[in-house]
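Quick notes on the structure that follows.
The values are calculated or read from the model by the stated rules, or taken from the named source; none is laboratory data. The shown structure was predicted, so the numbers you read here are calculated from the model rather than taken from an experiment. Every residue, glycine as well, gets a Cβ built from its backbone with ideal geometry; the counts of neighbours run over all protein chains shown. For accessibility, only protein heavy atoms count, side chains too; no ligands or nucleic acids. Shrake-Rupley method; radii C 1.70, N 1.55, O 1.52, S 1.80 Å.
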Amino acid sequence: MNKPAMPNSFRTGPDEQGMFGIFGGRFVAETLMPLILDLEEQWNKAKDDPEFKAELQNLSTHYAGRPSKLYFAEGLTKHLGGAKVYFKREDLNHTGSHKINNCLGQILLAKRMGKKRIIAETGAGQHGVASATVAARFGYPCVVYMGATDVARQSPNVFRMKLLGAEVRPVTAGHGTLKDAMNEALRDWVTNVEDTYYLIGTAAGPHPYPELVRDFQSVIGTEARAQMLEQEGRLPDVIIACVGGGSNAIGLFHPFLDDSQVRIIGIEAGGRGLDGVEHCASMNAGKPGVLHGNRTYLLQNGDGQILDGHSISAGLDYPGVGPEHSWLRDSSRVQYEPILDDEALEAFQLTTRVEGIIPALESAHAIAHAMKIVPTMDKDQIVIVNLSGRGDKDVHTVAKMLGMEI
Ligand SMILES: *Cc1c(COP(=O)(O)O)cnc(C)c1O
């Protein structure tokens, strides 16, 4: 029952086993297997159901604020003096980033499956807040697993989740960060199979999560492609997005994958440089391995232990990456480049000053790469940068980096 491989298309994956080439799959405990298979079956039914699509569309429009704008960044374009830069404005969504796209889709799936309890993992707390938001909207109890280290350093988001009615469970295992929180959420899921829905926050995890998160986030690229055709009458030359787990990036990229004239660039967190361990560039400096139910590029030491990594932006601080990106990397359809903390910080400041838009530090990584290539391009060329979120959440980090007091 393998889907026939369609030659010359990058948009047909994953296969029936959830593989993108050698990446992906579902490496889970036997006890989780029935849940994963049930989720896959329900998702396959839901995605073609007009009622499901209509409800998601309605919430996307009236609750999240879609479609998000495709904005010509004239100030940045003038400043850089090369190709025209456009921003896809995911920062304008309810809760301030692209994460709500995925959360709305998955909460509707949970409702359809008759699940009564939502669990989620979170690193910096952005996905935790988005999950707590949709759980509040639908009246479900919500438990968010968060590394104890992250709980301590992200107190405003912890408080937001509590206001929204969620329970935040600090995870002390490992280094108390996102990887450990995700392990704990998977454990909860196995023990509460009957009533619980696990709302994963990025395009990673066991199949079918990478596929379904991608499909919910693809609204970004589908809109951007149509908006570009309407505003400029043609496709862009380059599209750029930052890659943590890879959900905003695959959401922008997927609808463009078969447009061979469009160059596609994913930006990883280069942190303090790729020489040591203080980065999160799993595809530029990692090796394939298995984590959180799928095979993908991972930050590992010589013994195969997963490293924690580092980035100035908490949202890019994941030691793995969604499996579809690993496959797109090895197929050379998408190019993945690192951007350093300092470069992201500079892009953050420049965008704020010349556009009057405070970008998320994650998104600032994508802008920083645009700053490198745009001046080398012609004035009639076009670059789209995915502005995955707004930077209000990052002002404390930025103040500290700049040695300033708030
Ligand atoms: C969480 C987050 C990211 C990284 O997650 P992806 O799954 O890689 O998209 C990027 N930008 C913002 C604003 C985020 O909140």
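Taking VAL374, is it in a strand (DSSP E or B) and touching a residue at least 24 places away in the same chain (Cβ under 8 Å)? No, not satisfied.
Filtered by the rule that a residue be open to solvent by 10 Å² or more (accessible area, probe 1.4 Å) and either out of contact with any Lys or Arg (no Cβ under 9 Å at 6 or more places or on another chain) or among the charged types (D, E, K, R) (or both), the range 167-179 gives GLU167, ARG169, PRO170, THR172, ALA173, GLY174, HIS175, THR177, LEU178, LYS179.
Note on the range 299-331: among residues that are within 15 Å of the ligand (Cβ to nearest atom) and either of a type in the set (Val, Ile, Thr) or in a strand (DSSP E or B) (or both), the one that is farthest from GLU362 (Cα to Cα) is VAL321. Among the residues making up the range 104-127, those that are within 15 Å of GLY245 (Cα to Cα) and of a type outside the set (Asp, Glu) are ALA120, THR122, GLY123, ALA124, GLY125, GLN126, HIS127. Of the strands (runs of 3 or more DSSP E) lying entirely inside the range 73-179, the ones with 3 or more residues being more than 16 Å from the ligand (Cβ to nearest atom) are found at 84-89, 117-122, 167-171. Restrict the check to the range 225-239 and report whether at least one residue is within 13 Å of the ligand (Cβ to nearest atom), hydrophobic (A, V, I, L, M, F, W, C) and out of contact with any Ser or Thr (no Cβ under 7 Å at 6 or more places or on another chain). No, that holds for no residue. Within the range 140-162, the set of residues being open to solvent by 60 Å² or more (accessible area, probe 1.4 Å) and modelled with pLDDT of 95 or more comprises PRO141, PHE159, ARG160, LYS162.
Listed here are the residues, each with its yes/no results for (1) in the same structural domain as GLU41 (by TED's automatic domain parsing); (2) of a type in the set (S, T, N, Q).
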| position | (1), (2) |
| --- | --- |
| ALA83 | no, no |
| TYR86 | no, no |
| ASP91 | no, no |
| LEU104 | yes, no |
| ILE107 | yes, no |
| ARG112 | yes, no |
| GLU121 | yes, no |
| GLN126 | yes, yes |
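The single condition among (1) more than 21 Å from ARG329 (Cβ to Cβ); (2) open to solvent by 50 Å² or more (accessible area, probe 1.4 Å); (3) modelled with pLDDT under 95 that LEU37 does not meet is (3). Suppose the filter is more than 13 Å from the ligand (Cβ to nearest atom), open to solvent by 10 Å² or more (accessible area, probe 1.4 Å), assigned to a helix (DSSP H, G or I) and at negative phi; does GLU337 pass it? Judged against the criteria, GLU337 is not a match.
Looking only at the range 389-406, which residues are within 11 Å of the ligand (Cβ to nearest atom) and open to solvent by less than 50 Å² (accessible area, probe 1.4 Å)? Answer for the range 389-406, where residues must be within 11 Å of the ligand (Cβ to nearest atom) and open to solvent by less than 50 Å² (accessible area, probe 1.4 Å): GLY389, GLY391, ASP394. Within the range 255-291, being within 15 Å of the ligand (Cβ to nearest atom) and touching a Lys or Arg at 6+ places or on another chain (Cβ under 6 Å) holds for one residue alone: MET283.
Rundown of residues vs (1) open to solvent by less than 10 Å² (accessible area, probe 1.4 Å); (2) at pLDDT 95 or above; (3) more than 26 Å from THR12 (Cα to Cα), yes/no style:
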residue	(1), (2), (3)
GLN231	no, yes, yes
VAL262	yes, yes, no
GLU268	yes, yes, no
ASN301	no, no, yes
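Would you confirm, using the coordinates I've provided, whether TYR209 is closer than 21 Å to SER60 by Cα and within 15 Å of the ligand (Cβ to nearest atom)? Yes; evaluated as a whole, the condition is true for this residue. Residues in the range 303-353 that are modelled with pLDDT under 95 and of a type in the set (Asp, Glu): ASP303, ASP308, ASP317. Looking only at the range 376-406, residues that are over 16 Å from GLN349 (Cα atoms) and touching a Pro at 6+ places or on another chain (Cβ under 8 Å) come to 3 in all. Can we say ASP342 is in a loop (DSSP other than H, G, I, E, B), more than 19 Å from the chain's Cα centre (by Cα) and among the acidic types (Asp, Glu)? Here the answer is no, as ASP342 does not meet what is asked.
Go through the residues of the range 276-284 one by one and say whether even a single one is within 30 Å of LEU32 (Cβ to Cβ), open to solvent by less than 20 Å² (accessible area, probe 1.4 Å) and either assigned to a strand (DSSP E or B) or free of Cβ contacts under 8 Å to residues at least 40 places away in the same chain (or both). Checked against the condition, which is being within 30 Å of LEU32 (Cβ to Cβ), open to solvent by less than 20 Å² (accessible area, probe 1.4 Å) and either assigned to a strand (DSSP E or B) or free of Cβ contacts under 8 Å to residues at least 40 places away in the same chain (or both), the range 276-284 yields at least one hit. Exactly one residue out of ALA64, ALA29, ALA54 is within 16 Å of the ligand (Cβ to nearest atom), farther than 29 Å from SER332 by Cα and either open to solvent by less than 40 Å² (accessible area, probe 1.4 Å) or aliphatic (A, V, I, L, M) (or both): that is ALA64.
Of everything listed in (1) within 16 Å of the ligand (Cβ to nearest atom); (2) in a loop (DSSP other than H, G, I, E, B); (3) surrounded by fewer than 24 Cβ atoms within 10 Å (Cβ to Cβ), the single unmet condition for ALA204 is (3). With respect to the stated conditions, ASP195 is of a type in the set (Asp, Glu) and surrounded by fewer than 21 Cβ atoms within 10 Å (Cβ to Cβ).
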